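Structure first, then comments.
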Protein chains: 2
Amino acid sequence: MGARETGHEVLAAVLRISDGQPQVLAWQRAQEPDLGRWALPGGRLRDDEDVERSVLRQLAEKVDVREVAHVEQLGVFSDPCRVPGVRLIATAFLGLVPSDADPAIPDDTAWRPIAPGEGPAIAGAAFDHDTIVSAARDRLRAKLSYTNLGFALAPREFTISALRDLYVAALGHSVSATNLQRVLTRRALLEPTGSVAPPGPSGGRPAAVFRFTDRALRVTDAFAVLKPPGEHGRGAVT
Amino acid sequence: MGARETGHEVLAAVLRISDGQPQVLAWQRAQEPDLGRWALPGGRLRDDEDVERSVLRQLAEKVDVREVAHVEQLGVFSDPCRVPGVRLIATAFLGLVPSDADPAIPDDTAWRPIAPGEGPAIAGAAFDHDTIVSAARDRLRAKLSYTNLGFALAPREFTISALRDLYVAALGHSVSATNLQRVLTRRALLEPTGSVAPPGPSGGRPAAVFRFTDRALRVTDAFAVLKPPGEHGRGAVT
DNA sequence: CCAAAAGTGTTGCGGATACACCCATGG
DNA sequence: CCATGGGTGTATCCGCAACACTTTTGG
């Protein structure tokens, strides 16, 4: 019960898919503790802001926040020993940046690759930041399948196969372009722009260009089972 | 940027179903601010505990924590003005108590009814505690349909129709006992104890008694769509 | 004309709901 | 023997995954 100084920080695991691989924005610490290790962007919460405002402010120091398509709370990390020396409670966020955005970032900052699957998400993470990145990766995976969260990974306009590649990288398993298109159009998440993309150097039919109808999070599959009566196969798209 | 004293509190929305209605544990404030209004149990986070430990400690002051079958983080509530005068950040939790448990509670504390549906969850809530109860109610509803969370609402042993009544109250819509049993047994969440419950005063066939196979949270329906290939109808029960 | 990429048609499977029907008990 | 509540069998629906097939381009 010592009167150890306690503080509150906000951390953001900002993810994007680039070159078929999930990445997280991190900066390399230039001081002890954890010198040389990779830390998530963030910082102290101010008196006059809530954590949602704070995370946007902190991110603005690293990237152009207009590029961040979606932000949501992940949870609180509060182990008394999570940062040596001080008592620092962290509220962690998931942020998503579309794959075509390439915001300018500071010199000490880089996009670090995220391992798929279950284990540690990034190598050389500072403090408990790997736990946070894992939570972010898992949250993204889960929400891709029952929300329209794909909008936050994709460019404003895209072909189905480009979108498929994003889902493959984020989910960590193969995804059929055919079925992806059907699932997303059935739920009215996609709409064609009308234009087509030119085929690649080896030919092939030009791909139709789509966009997401909404660019804000929407739950499209609220009830897996135990739907309210009378909604038999209607999927409860509220 | 004033050096206003800031603190961290932990709050718990402890829910149970009683008499076919969801209820939340709350205590009536005896001081300003918000005198007479209903507040969630909780209190200051100590230096040597994380929020998970803290919420269990705080709950121990109100109820027998052994009765609490499940606890999980809901999120951070950090509006600078959420509590007048001081800067107080709250980490909120959802707690669940089985319907047959009736723990002793202090005089100022009571089980307050929760409104179903969308609007405000309880009347006369202190501070932003209604928002927290709403979040708890929504979380419970969502997880009932894709996890085994029912175990935290139900007694250790129960009949299907008793379980159905719990689901009806928690979900806010009718649930068929037939289908509830099939869904839960197909997913191997229920097992029969072998015994039967005596019929009511008006007769009827004696009901078989069941229990949940697991009494810890398990996700039973991870992928609504976009399952990994080769898992066609297998439901991905990992 | 062939290869490559995109997109559509079609089939099959399986879970979930709904409903009809059988079972066991009290009065 | 009837009413009441419990439980099972079965039909239907519908979404999704899988795959065959057609379309449109480049070489």
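Throughout, read-outs are computed from the coordinates displayed, never taken from laboratory work. As the structure is a prediction and not an experimental result, all values here were calculated from the model. Cβ sites come from the backbone with ideal geometry, for glycine too, and all protein chains shown count toward neighbours.
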Convex hull projection area averaged over all views, region B:147-212, Cα basis, nm²: 4.6
Volume per residue of the C-alpha convex hull in chain A, rounded to whole Å³: 171
Residues with amide H under 5 Å from that of residue B:74, placed H, sequence gap 5 or more: B:92, B:93, B:94
Using alpha-carbon coordinates, inclination of helix A:129-146 to the longest axis of chain A, degrees: 20
In degrees, nearest ten, helix B:51-60 long axis to first principal axis of chain B (Cα): 90
Region A:7-72: radius of gyration and largest Cα-Cα distance (Dmax), Å: 12.9, 40
Contact order relative to length of chain A, as percent, for alpha carbon pairs under 8 angstrom and 6 or more apart: 19
For region B:118-139 and region A:38-95, distance of Cα centres in Å: 26
Loop-located GluC sites (Glu not before Pro) in region B:13-68, at most 13 other Cβ atoms within 10 Å (DSSP): B:61
10 Å Cβ neighbours from other chains, averaged over peptide A:70-78: 5
Angle in degrees between helix B:160-171 and the longest Cα principal axis of chain B, rounded to the nearest 10: 40
Sequence-distant residues sharing a close amide H with residue B:153 (under 5 Å, placed H): none
Chain A - share of DSSP beta bridges that are antiparallel (%, nearest 5): 75
³J(HN,Hα) computed for each position of region A:221-228 - Karplus, 6.51 cos²θ - 1.76 cosθ + 1.60, integer Hz, glycine/proline x: 9, 4, 10, 6, 9, 6, 5, x
Convex hull volume per residue in cubic angstrom - Cα atoms of the protein assembly as shown: 174
q = 0.15 Å⁻¹: log10 I(q)/I(0) that the Debye formula gives for region A:42-130, counting C-alpha atoms only: -0.70
Proximal charge balance of residue A:28 [Cβ under 14 Å; K/R count +1, D/E count -1]: 0
Average beta carbon contacts from partner chains per residue of B:142-148, 10 Å cutoff: 3
For the protein assembly as shown, share of DSSP beta bridges that run antiparallel, in % to the nearest 5: 75
For residue A:7, residues with placed amide H under 5 Å, excluding near neighbours: A:87, A:88, A:89
Cβ-vector label at 7 Å, residue B:214, separations to other copies in nm: 3.0
